[in-house]
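Notes follow once the structure below has been shown.
The values are calculated or read from the model by the stated rules, or taken from the named source; none is laboratory data. Quick caveat, the model's predicted, so the values are computed rather than measured. With ideal geometry, Cβ positions are generated from the backbone for all residues, glycine too; neighbour counts draw on all protein chains shown.
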Amino acid sequence: MEKLPMKQIGIWTGIVLVILGLIYLGLLAVMVISGSGFPPAEPFQTMFNVLILFTAVGMVFFWSALHQAAPAERKLFSQVSLVLIVIFATLTSINRYVALTVVRQSLSSGNTNGLQWFLPYCWPSIMLALEYLAWGFFFGLACIFLALVFTSGRLEQAIFWTLIARGSLSLLAVLGQMIGTNGLTFNFFTLAGVIGWGPGLTTAAFLMAVWFRRKAV
């Protein structure tokens, strides 16, 4: 009975991540249909910043529950993945918080000297580099290490390959930035990131929520 709350945390945080992922994809669709263009215009940019802040927190809870539920012989992989996801959440939260505070207030006051280095959707930009480091490198590795927890059964095999694919796409995105491609232009590397961070995250969260529901945690 003491382990039941952890199972419920896993199920509900997974569901929350699926909902947040669907909202993210919905906002992207509305942005494209409206012709807002990229980088996102307001209010889309603020909505993305807030959404990703909450998503980062939800992922820390979800990964913590996954670590607790992992088999004892696989906890090394889940623990490494959890540490990586905490680093991911820290980096992306810094970017989004700076965008919601420093960037917005600087634009409102007209004090834009050097602001281009802190814009969340600008290249070259320190904040966009941090975002790619978070979602590309740390998130990608977190997914690959977490995949090693799921080794048996059809559902676990589906989770394994979804996480491997998502992690690989994320690492491709950060590789593209490291070799000099513009992270804001449409190319093979940015497409890999969009797939891994959008539908990839939502699909994996859904599958792992189902795994929690079936597992006697």
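Worth a mention:
- Among the residues making up segment 43-84, those that are β-branched (Val, Ile, Thr) and in contact with a helix residue (DSSP H, G or I) (Cβ under 8 Å, 6 or more places away or on another chain) are 46, 50, 52, 55, 57, 60, 80.
- Residue in segment 28-45 that is without any contact (Cβ under 8 Å) to a residue 40 or more places away in the chain and under 29 Å from residue 144 (Cα atoms) present: yes
- Where a residue in segment 84-111 is closer than 30 Å to residue 144 by Cα and its partner, wherever it lies, is surrounded by 15 or more Cβ atoms within 10 Å (Cβ to Cβ) and among the basic types (Lys, Arg), with Cβ under 9 Å and at least six apart: none
- You will find that of 163, 184, 207, the residue that is under 22 Å from residue 32 (Cα atoms) and touching a residue at least 12 places away in the same chain (Cβ under 8 Å) is 184 and no other.
- Qualifying residue in segment 134-154 (condition: surrounded by fewer than 21 Cβ atoms within 10 Å (Cβ to Cβ), among the hydrophobic types (A, V, I, L, M, F, W, C) and over 30 Å from residue 71 (Cβ atoms)): no
- Candidate set from segment 29-53 (those that are aromatic (Phe, Trp, Tyr) and assigned to a helix (DSSP H, G or I)); member that is nearest to residue 98 (Cα to Cα): 48
- The residues of segment 120-133 that are without any contact (Cβ under 8 Å) to a residue 40 or more places away in the chain, assigned to a loop (DSSP other than H, G, I, E, B) and surrounded by 15 or more Cβ atoms within 10 Å (Cβ to Cβ) amount to a single one, 125.
- Given (1) within 19 Å of residue 136 (Cβ to Cβ); (2) at pLDDT 95 or above, index of the condition residue 79 fails: (1)
- Residue list for segment 15-33, filter: buried (at least 16 other Cβ atoms within 10 Å of the Cβ) and within 13 Å of the chain's Cα centre (by Cα): 17, 18, 20, 21, 24
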